[in-house]
Each structure stands twice: as structure tokens, then as C-alpha cells.
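What follows is a single structure, written as C-alpha cells, with notes after it.
The values are calculated or read from the model by the stated rules, or taken from the named source; none is laboratory data. The model shown is predicted, which means the values in this text are computed figures rather than measured ones. Quick reminder, even Gly has a Cβ in these numbers, built from the backbone with ideal geometry, and neighbours come from all protein chains shown. Heavy atoms of the whole protein, side chains included, go into the accessibility calculation; ligands, DNA and RNA do not. Shrake-Rupley method; radii C 1.70, N 1.55, O 1.52, S 1.80 Å.
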Amino acid sequence: MSIVYNEEKKLFHLHTSDTTYVIGVYDEGYLLGLYYGAHIEDTDFGDFMTRLPNASFSPANPVIGEHGFSPDTAPMEYGCNGAGDFRIAALSVRGKNGDNVTDVRYRGHRIYAGKREIPGLPSTYVTDDAEAETLEIDAEDPVTGVSVTLVYTVFAQYPVMTKRVIVRNPTPDTLYVERVFSACNDFPTMDYDLLTLYGRHVRERSLEKRPLSHGVQGVESKRGVSGHAQNPFAALMRRGSTEDSGDVYGFNFVYSGNFSALAECDFNGSTRFLMGINPTDFEWTLQSGEAFYAPEVVCVYTDRGLGEMSRIFHRFYNRHLIRGRFQKEKRPLLINSWEAAYFDFDTDKLLAFADVAKELGIEMLVMDDGWFGKRNDDRSSLGDWFVNEKKLPGGLKKLVDGVHERGLKFGIWYEPEMISPDSDLYRAHPDWAVHVEGREPMRGRHQYVLDVSRADVRDAVWGMMEPVLRENGIDYVKWDFNRNVSDAGSALLPPNRKKEFFHRFILGTYDLMGRLVTTFPDILFEGCSGGGGRFDPAMLCLSPQIWTSDNTDPIERLTIQFGTSLCYPASAMGAHVSACPRTGYETKGNVAMWGTFGYELDPRKLTPEDREIVRRQVADYHKYYDLIRTGDLYRLISPFEDHFRAAWQIVSADKRSALFTFVRMRSYTADQCFVRLKGLEPDRKYTCQQTGRTYSGAYLMRAGLNMTHIVTGDGESCTMYFEG
Ligand code: GLA
């Protein structure tokens, strides 16, 4: 890893463990993005500086000369609005004259060891300055005076670079930031496929791949959250690249609000890729002396295909994104009350769950929705975070003590950024609901969104949550968010700042959650949003695991988990065994084992045979815990490509052990099936624990396993553990 500035050529080389990114400072201070890919050290990028000047249709800079340089055809490092570059702009700032022509030029730079935190925003981090190096390039628009700092961090042990932007107003006047993307990459060609993750509630993160074509394409959220519909992830795959080979660029936005990931292919056949806050419904007023910090984008490049891109994200997130005690410490195996009881529970029932759970080896009971206010269904009480003594007589303490006495930890559910119209909180503070004046806000799941952009509202929620967590010995919090944000407005924002609402809302979430997470470092937080509707790296920074989906059917879960695994590690992927009827407990366990693993069912209803299976799974959970959380994932048969089966494998970092899972979603006659494993050492001998047979790594990877007769029925599955 290193960042090198070549004074003579005016070139920056940013090297990660395996990649290089080159930025040039051209005449008149234009910043050009010259190269991103596998490691190179060359310093002659003359051919890449100007591409195809086309005076009049691509206006040229008059100082450089009419046929010399056009921002429209040059590989702009940070394309701006209206000054000769007609592609989608990364930055647009309106000045005091009211125009929004924006044109920033190089002014200076700094290189330093380590990586800084971003004020108010979650981000990746280092624990030692030797782990990363950062370049900050200052650029300025001489007319409006707006100054931007482009911040790049490269990592020593990973082919990962992060990008972000700071916009500053050093002028005496007010400036208006109309858009500010965090990453802008101009690629010289358009021979890529754009891969994104679309979805919906109970069907999150399906893969969608489209060839880039001329014009603008991409994905966005305007929902106030990253959302079920599109994940803030995109990859550009060089056409022809596969799971195991080819150039892949992966981009993941460390942000939980409205985002855009856009690619524009222009008339030259080049591609601009942008990722950042969605400019729709966004504007930020920057008063004199103020700064705006845009969230960061994590950029991964590999020439070894999509699978390697995922493994890089996984390793990197486990090490440089997920924080706190539970980054490394073993997380308790939990049972959650939601699918077991929904709103219908009381102290006795929960203690009865705890009794059986304890007997099965489960380590924590999580009480889900329904413990507060008078909430017996989803029509009331969000915001009234006081225990319902009718359900839990003697209060929380009695229940939590009872669970603790049984030797289990105790977890609780919250939905802090919501307010039910039928709640004491709403009756006392109707203006605390997100709304715009004169309109009755839309309802989602019978609820309004609570205006956590307001500090007073956050303090009120804090005032209710903090004592509950502190006084009752809570070990875990599930943090939910069960609708999207409409009628976006805050009673406190003046008319000219209304478009700041969405970003202020998310900053408010980070502030509240951040306060709780730092005040209670021993509590394990799990993010959630109607399943996986806010599954993004920013949430992962605050909660080391996230509930992946409300869909707990193991067959349906296959696409959800395969899609989620594109950039999120197994350690983050909340996965439970439920009572859903489609398959037996073996398959439910085999699929959930890929994630955080836990149960979501009434344990009293398990048959003696199923209890035996659960006990075995609990033992497997402990046995495979480290392997699954720190090992390398290989997706072998994707349920997006094969309608009958799915298979994956997790290999330890030292390649001495591997866990292989095979699921037959549907059987069909004469279904001969061989699966070749990956990522092993060819010369090492591996013994399969289940069959006792020993194979070479070469055999397993080249000849493969004959699964034809091993798993034959609908919804059946198996795991095989290899040690060598
Ligand atoms: C969401 C979550 C579920 C559960 C319910 C409770 O849908 O995803 O797991 O917590 O809310 O209302």
C-alpha cells in the first residue's frame, strides 16, 4: 500500500494491496481519473488525458485551446455541472448569483497515514495508522468559491479503496449544494455489465445483471432508507467475467438513506459511474464557514471474478467495518419470540420458552414486538416505550431476571424511529411525526415515522430507552424500522431547508443509535427493517448483524442469502430456523447455519425427533462458528441460475477445513449431479467427517462430489465437513 505523488508528471498513484488508482492533474488544474485496476506503476498516461476533443459540440477550454481539452470527453475525476461536461454531474453548487455552473480545479493535497472518522456518519475504520493511507485533494471553483476535498483511503491488506467528499464554503456568502456524489469513476470503455440487487419485502436482494448501454442506467432509493427495493450496491463486471474470473468493480455505499448508483455511457463509448446521496429531494444550505460531509463509498476491484469480489468485501467488512465487542467475540445463539408468538405472549409463556431453549442449548431469548404500551397488534403504541404490565406483570426486571436465572441472556425489540397515531407520545406531540404542513401524512403499517431529525425528539426517545436498557440488564437489542418515509418534512425546518430533511433524518438515526451503541458497548445490536429493508454497510457499522429477511422459508432464503452474500459477510446475515412447513429441520438448519444462526419458533412444539436435530445443530453452531464467520465463501451452484439445487462452501483461511452445503430445492428424474469444490489446496488430503472418505483437494476441485444419490428429495439438503 502506498500513495505516491509524482511532482514532475503531476500524477497520484494510489496502491492498495493489489490495485492501483491513478489521478492526474492536467493543465488549468483539471483533475483526471486515469486508471483503476490491477497494480501498475507506469507514469506515462498521456494517451488517457484527452480523449476526443470535439469543439462546439463538446466545448473546449479556451485557455488550453479549442482543440486541446474538453471536460465533456476527458476522464474527469469529479465531473461537475454545466461547465462543458454534459454527463451526469457528481457536484452541482448554486452560488449567490443563482446559477449552478460548477467547475472545481486542483489547489493542493495532503497524504497521511491512517484514516479519519467522518463527523456524524458511520464509516470503515483502522485501528492502527499503518493499516491505511489517505490522500485528500483540495479543489476549488474560482467563481463561486466552493471548495471540495476528495478523500481517498487505500488499505494495506485488502484491494480496497474508500472514496468520499467534503464540500466547504470558505466564502462570506451562502452556497447551496444541489448534489454531491461520493464517488465518480470515468471508465474508458463501456464493455461492462451492471450488477445490482433488487428486491421487496420477503424477497430481498435478488441479482439483476444488465449490459451497459448508451445513456443513463442504475438504481436508486427515494424511500428515506436504503430499502428493500434496491441495495446501495453495484458492480461493474467486464463483459464475459464470471463468478471465478474477470474484472469486477464492486461499489457499496456506507449510507442508510436515499442513494443513487448510476452509470452513464456517453457518445464516446466511455462510462461514468457515480454513487452517492440521491440528488432528488436533496439540497443543502452551506453558510459561510460550513462544511458538508458526504458518506463514503467502499470500492473493491479484482480480476478474479465476482466470487473473489465478495470474499474481499467479507474479509474487509469483518475487519474494518464491523465494530465493538462483537466484532470478534462469539455472539450468543438466540431464540426470537416473533414467529413463535407474535403479539400473544406474557411472562409465563416467555419463561416457558426459556426453559425449553435452555434445555436445547440455546443461549439467549429475544422478546420481539409487543411488550410495551398497549400493543397487542400493530395498530398502536410505537413511541410509548414503557412495559405493558398486563403482559409482563412485575415489569421487565422480573422477566429478565427470570431468564437470566435460567442461564440465558435476554434481548428486546425496539422500533425507535416510529410513532403510532394511537400512542400517548403522538397525543402529546403530534408535530413529532414526520409530516408537511397541511397534509395528513400517509400511514404505513398503521404508523407514522418519528422525526428523529430533531434533537429534542431524539432526546425524548433516549430518555425512554436508556433506563430500560440500563436498569434491566438487557443483553441484545433488535432495532427495527417498518415503513418507508413519505411526507418528508420536519416541523422545525425552515422553508429553504426542507430538502435537507432526508439526510438530517438519517443523521438523526446515526446520532441516536450511535449514542446507545457507545453507552452500552456490551449490548449486541441487530439491525432490522421489515426483514432486510435497511441492510447496508452504515447499519452494519452500528449493529454487527442485521435481520436478513422476514422470509424464513429455507428454499426462499437461498436466493436472499446468495444475493446478500454479494457484499455482506455471513457474520452479518441474521438467519433463523423457523416452523415454516416446507422442509424439515435439517434443511432449515443447514441454510440458517450460513448466517448468524438462531431459532424463531415455539420450542415447546418441537417433537422429540426435532429436538434431537436442534441439539445437533446447536453443537454444529459451536463447531463451525469460527469457520463460518472468518472463512472464505465460495458460491458453487447459484439458485439464480439453477432451478433445482443450490450449493456453497466455506473454506478456512488456512485452507485446512471446509464446510460444504448442498440443497435440492426440487428434485426431478434422472438428475445426475456433480459438484466441484473450490478454494482448497490441491495437494492436501481432506477427510469428510460425514462419510469418512479421504480425497485430495485436487480431486474435490477437479473431479468433484457425486451428489446424485446423496440428496434426492424436494427440499432435502446435506452438509459435509472436510478436514485436512
Ligand atoms: C418486522 C421484523 C420482524 C418482527 C416484526 C415485529 O417485520 O422484520 O422480525 O420484528 O417487525 O413487528
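Ratio of alpha-carbon Rg to the 2.2 N^0.38 Å globular estimate for region 427-554, to two decimals, please.
Values: Rg = 15.5 Å, N = 128, 2.2 N^0.38 = 13.9 Å.
The reported ratio for this selection is 1.12.
The three principal axes of the Cα atoms in region 339-629 give end-to-end lengths of 62, 46, 33 Å, sorted in falling order. Its Cα gyration tensor gives region 396-443 an equivalent ellipsoid; the semi-axes, largest first and in whole Å, are 37, 11, 7. A convex hull fitted to the Cα coordinates of region 420-478 yields 110 cubic angstrom per residue. The accessible surface of the chain, taken with every protein chain in place and a 1.4 Å probe, is 49 percent carbon and sulfur.
Can you give the Rg to Rh ratio of region 1-156, both from alpha-carbon atoms, with Rh computed by the Kirkwood formula? Intermediate results must be reported in sequence, preceding the final value.
Working: Rg = 16.6 Å, Rh = 16.7 Å.
Ratio value, two decimals: 0.99.
Per the helix-only calculation at 222 nm, which mean residue ellipticity applies to the chain, given -39500 (n - 2.57) for every DSSP H run of n ≥ 4 and division by its residues, nearest 500 deg cm²/dmol? Intermediate values should be presented prior to the final figure.
On the way: 13 runs with 145 residues, N = 724.
So the helix-based figure for the chain works out to -6000 deg cm²/dmol.
For region 305-375 versus region 586-636, the spacing of their alpha-carbon centroids is 13 Å. Note on residue 343 and residue 714: the model spin-label points, each 7 Å out from Cα along the C-beta direction, lie 3.5 nm apart.
Of all the Cα-Cα pairs you can form in the chain, what percent are over 46 Å apart? All intermediate terms of the calculation are to be shown ahead of the outcome.
Numbers: 59427 of 261726 pairs.
Distances greater than 46 Å cover 23 percent of the Cα pairs.
Relative contact order for region 339-629: 16 percent, from Cα pairs under 8 Å spaced at least 6 residues apart, divided by residue count.
Inter-label distance, residue 6 to residue 436: 5.2 nm, where each label sits 7 Å from its Cα along the C-beta direction.
Cα centroid separation, region 487-506 to region 704-722: 54 Å. Against the chain, whose longest principal axis is taken from its Cα atoms, helix 455-472 shows a tilt of about 30°. Put the Cα centre of region 136-202 next to the Cα centre of region 395-473 and the gap is 35 Å.
Taken over region 3-320, the percentage of Cα pairs per 10 Å bin, counting from 0 up to the bin with the maximum distance, is 6, 27, 38, 24, 5, 0.
Taking the C-alpha atoms only, the angle from helix 305-320 to the longest principal axis of the chain is near 80 degrees.
Shown is the FRET efficiency for residue 446 and residue 681, computed with R0 = 60 Å from the Cβ-Cβ distance and rounded to the nearest 0.05: 0.60. Across region 1-97, Cα pairs under 8 Å and at least six residues apart give a relative contact order of 17 percent. Normalised by the number of residues in region 408-477, the mean separation of alpha-carbon contacts (under 8 Å, six or more apart) gives a relative contact order of 44 percent. Counting charges near residue 704 (Lys, Arg +1; Asp, Glu -1) among other residues having Cβ under 11 Å from its Cβ returns a value of +3.
Helix 554-564 axis versus longest C-alpha principal axis of the chain: approximately 30°, rounded to the nearest ten. Here the label points at residue 398 and residue 674, each 7 Å from Cα along the C-beta direction, are separated by 6.6 nm in the simple model. Once the C-beta distance of residue 43 and residue 604 is scaled by a Förster radius of 60 Å, the resulting FRET efficiency is 0.30 to the nearest 0.05. Taking amide H as placed 1.01 Å from N in the peptide plane, residue 478 has its amide H under 5 Å from the amide H of 412, 413, 414, 526, each at least 5 places away in sequence or on another chain.
Compute the length gained on full extension between residue 693 and residue 267: take 0.36 nm times their separation in residues and subtract their Cα-Cα distance, giving the result in nm to one decimal. Write down the numbers at each step before the final one.
Values: separation 426, 0.36 × 426 = 153.36 nm, distance 5.88 nm.
Using 0.36 nm per residue and subtracting the Cα-Cα distance, I get 147.5 nm.
Over the chain, accessible surface divided per residue gives 36 Å², non-protein components excluded, 1.4 Å probe.
For region 635-723, take N as its residue count and report Rg(C-alpha) divided by 2.2 N^0.38 Å.
Values: Rg = 12.8 Å, N = 89, 2.2 N^0.38 = 12.1 Å.
Ratio of Rg to 2.2 N^0.38 Å for region 635-723: 1.05.
What do you reckon, how do 462, 547 stack up by accessible area (1.4 Å probe), largest on top?
Details: 462 50, 547 5 Å².
Heavy-atom accessible area, descending, gives 462, 547.
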